[in-house]
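Each value in this text was obtained by applying a stated rule to the coordinates, not by laboratory testing. Since we're looking at a predicted model, the values are computed, not measured. Backbone-built Cβ (ideal geometry, glycine too); neighbour counts: all protein chains shown.
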Amino acid sequence: MNNVQSFLSIGGLVLLSLTSLRFNQAILETSSTDIENKVYLTAFSLADDMLEEIKCKSFDESTIQFPTTNTASLTPAANLGPETGETYSSFNDVDDFNGFNRAVDAPHAEGYDVSCKIEYVDEDDPDVVSSTQTFYKKATITVTSPYMRHTVILSFIFTLK
């Protein structure tokens with residue numbers, strides 16, 4: 001009987017050890033998922049903040065004072081971006097953000113890179129980039145980080161109509 005009781009005791013300890021290991025593994029997985037969610041939530045917030053900032057600007061340099069009904073008066077597609085000598089603090093229209101990059105550090109994850117791309121798009125299909133001026137500009141905000149497996153991309157269509 002003494003041998004049987006010893007085997008039962010050892011079996012119970014092994015079962016308890018395996019259960020404890022599985023419980024610890026589940027807690028670690030939950031913790032890493034929680035951190036990953038915070039990183040992605042911060043990335044989405046950074047992209048949304050950039051879009052909200054762009055929304056406060058005029059559609060085009062030529063429409064700051066008065067709107068236009070002529071697409072030819074808008075900034076040519078090849079010239080989208082800040083005007084000569086214009087810096088981030090003086091951006092005054094949507095296309096000034098074309099090519100803009102900003103590095104951001106957050107308390108729980110550093111190394112976010114926020115970049116903007118502004119393009120004219122087709123009136124009937126906003127997924128088709130236009131090489132000429134239109135009344136539609138698409139802003140695409142991309143956020144990357146070494147802590148994210150996937151890039152966060154948000155887009156918004158600005159229109160003058």
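Placing unit charges on each Cβ (+1 for Lys and Arg, -1 for Asp and Glu) gives segment 101-161 a dipole about its Cα centre, and among Tyr120, Tyr136, Ile153 the Cα reaching farthest toward its positive end belongs to Ile153. GNM remark for the chain: springs join alpha carbons under 10 Å apart, and the peak mean-square fluctuation among Thr132, Thr69, Thr19 falls on Thr19. Taken one residue at a time, the phi angles of segment 67-75 give Karplus couplings (6.51, -1.76, 1.60, θ = phi - 60°) of x, 10, 10, 10, 5, 5, 7, 7, 4 Hz. Gly and Pro are set to x.
Residues Arg22, Arg102 in ascending order of nearby Cβ atoms (within 10 Å, fewest first): Arg22, Arg102. Place a point 7 Å from Cα of Thr144 in the direction of its Cβ. Which residues in segment 91-114 have their backbone N less than 15 Å from it? Of the residues in segment 91-114, 99-104, 111-114 have backbone N under 15 Å from the label point off Thr144.
Rounded to a whole number of µm²/s, how large is the Stokes-Einstein D of the chain at 4 °C and 1.567 mPa s, given Rh as the Kirkwood radius over C-alpha pairs? Diffusion coefficient, whole number: 67 µm²/s. Simple point charges give the picture: +1 on the Cβ of Lys and Arg, -1 on the Cβ of Asp and Glu, and for the chain a dipole about the Cα centre of about 780 debye. Note on segment 83-159 and segment 1-21: Cα centroid distance 61 Å, given to the nearest whole angstrom. Net charge of the neighbourhood of Asp122, taken over other residues with C-beta under 13 Å away and scored Lys/Arg +1, Asp/Glu -1, is -3.
Note: relative contact order over the chain, using C-alpha pairs below 8 Å and six or more positions apart, is 20 percent.
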